[in-house]
Structures are given as C-alpha cells and as structure tokens.
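Q: Pasting in a structure now, in structure tokens, and then I'll have a few things to ask.
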C-alpha cells in the first residue's frame with residue numbers, strides 16, 4: 001500500500017460544477033497537507049496548505065482535512081475552464097523527513 | 001525572472017550516455033529539492049539540499065544518479081549511463097520556508113532512446 005492514494009481520474013465536469021478531489025493516506029504522522037495544481041508541461045504550483053483537521057477556504061477553493069479518517073479533500077466551487085489541470089495532494093511530517101510525499105494526481109477537465 | 005529555472009527544457013539522449021540537468025533556484029532560497037515525475041506516476045523524491053547541511057540523498061534510485069549544489073545556489077543533477085526507465089520529467093523546487101513553501105521549476109523532460 002502506497003503512503004498516499006489519489007484517484008487519477010480523469011474527471012470531466014461542466015463549467016460551474018462543484019468539484020471534489022480526494023486523497024487518503026496511511027501514515028498517521030503526517031501533519032501538513034498541501035494541494036498543488038499542475039498545468040500541462042508546467043511545474044506544480046502550491047494552491048493551499050493546512051495543518052489541522054477542519055476546513056480552510058481561499059476564494060473558490062476549500063481544503064478539508066479529516067485526520068481521524070486519514071482523508072483530505074479539495075473542493076472547487078463554480079469551476080471554470082481555467083481550472084482544467086492535474087491536482088496533486090502532498091503531505092509531510094516534521095521531526096523526521098523534510099520530503100513531501102505526493103499522490104499521483106487527478107486530471108480535471110472543466111468543459112465550457 | 002523571479003522563478004525557478006531549469007535547463008534544458010527537453011533532452012533526448014541515447015541509452016548509455018551521461019546527462020546533466022541544471023536548476024537555478026529563486027535567489028535566497030536555502031532549500032532545494034529534485035523530484036522525478038514519470039507518466040502516470042506521482043512526484044518521486046530524489047534529493048534535498050538545505051543550506052550547508054549534508055544533502056538527503058535517500059531518494060536517489062541508483063548510484064548512477066548524483067547531484068551537487070555549488071555555492072548554495074545552482075544545482076546539477078547528473079545521470080550516468082542512462083537507461084530507458086530514466087525517461088521522465090525532472091523537477092526542481094526551492095524554498096525559503098521549508099517543505100510547505102516549495103516553488104517548482106518547469107522541469108526538464110528527459111527521453112532516453
């Protein structure tokens with residue numbers, strides 16, 4: 001079992017839809033949780049990061065962490081064609097490694 | 001150019017040849033990471049440099065892979081005797097604040113024929 005599992009999709013939705021992207025993890029020592037967005041032929045860019053369980057909102061994006069279930073989510077409201085990209089979850093635990101562990105990424109297409 | 005830059009953007013080589021990939025991090029960033037992204041796979045950690053500390057090389061897949069960082073800035077990833085399974089996008093990232101604030105470069109797409 002990989003440390004971080006993410007459904008690769010692809011996921012195709014109409015413009016304006018609410019998108020839900022998810023990752024599960026097995027290492028309960030993970031403390032920081034991040035979401036990256038990667039456009040085709042580009043490097044990943046950080047969207048959001050959270051530390052504790054609960055929700056964090058930034059514009060149309062909401063990151064949710066449930067440490068008891070080892071489950072994190074990214075919600076995109078009012079999705080736009082410009083949101084079409086691959087979304088990668090990543091996580092890390094301090095006190096040991098400084099390495100981010102990434103999911104495989106979910107490819108999202110928002111159709112106009 | 002305030003971002004992380006990588007060169008070359010694309011590299012095609014023959015099996016058995018050596019290649020060097022370059023990363024110019026954001027000025028002042030003390031941490032520098034190399035990751036590899038293969039088709040259908042997530043980002044695979046390769047190596048991590050932090051200031052003057054000894055690098056964390058635990059992700060390098062074989063002794064054909066090595067990396068150095070000169071003067072705390074530019075880094076070079078070297079792959080000797082390339083194999084077809086080395087074909088991937090090699091991504092460099094730098095950070096001032098640690099792993100929660102990584103800025104990635106555009107990557108070098110390596111194809112080994």
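Q: Which members of segment B:88-108 meet the condition of being in a loop (DSSP other than H, G, I, E, B) and under 13 Å from the mean Cα position of the chain (by Cα)?
A: Hits for segment B:88-108 are B:105, B:106, B:107.
Q: Still on this structure: Are there any pairs, at least 6 apart or on different chains, whose C-beta atoms fall under 6 Å, with the first in segment A:40-67 and within 27 Å of residue B:106 (Cβ to Cβ) and the second in a loop (DSSP other than H, G, I, E, B) and at pLDDT 90 or above, and if so, which?
A: Partner pairs satisfying both residue conditions: A:42/B:106; A:43/B:105; A:43/B:106; A:43/B:107; A:60/A:77; A:60/A:78.
Q: Another question, then. Look at residue A:92 and say whether it is more than 14 Å from every other protein chain (Cβ to nearest Cβ) and buried (at least 18 other Cβ atoms within 10 Å of the Cβ).
A: no
Q: Failed condition for residue B:66, given (1) part of a loop (DSSP other than H, G, I, E, B); (2) away from chain A (no Cβ under 14 Å); (3) without any contact (Cβ under 8 Å) to a residue 24 or more places away in the chain, with all others met?
A: (1)
Q: Say we look at segment A:15-36 and pick out the residues that are crowded, with 20+ Cβ neighbours inside 10 Å and closer than 30 Å to residue A:112 by Cα; which of these is farthest from the other protein chains (Cβ to nearest Cβ)?
A: A:21
Q: Shifting gears a bit: Just name the residue that is farthest from residue B:92 (Cα to Cα) out of those in segment B:1-35 that are within 11 Å of chain A (Cβ to nearest Cβ) and in contact with a helix residue (DSSP H, G or I) (Cβ under 9 Å, 6 or more places away or on another chain).
A: Per the criteria, the residue is B:31.
The values are calculated or read from the model by the stated rules, or taken from the named source; none is laboratory data. Model, not experiment: these values are computed from the prediction. When we count neighbours, we look across all protein chains shown, and the Cβ atoms used for this are built from the backbone with ideal geometry, even at glycine.
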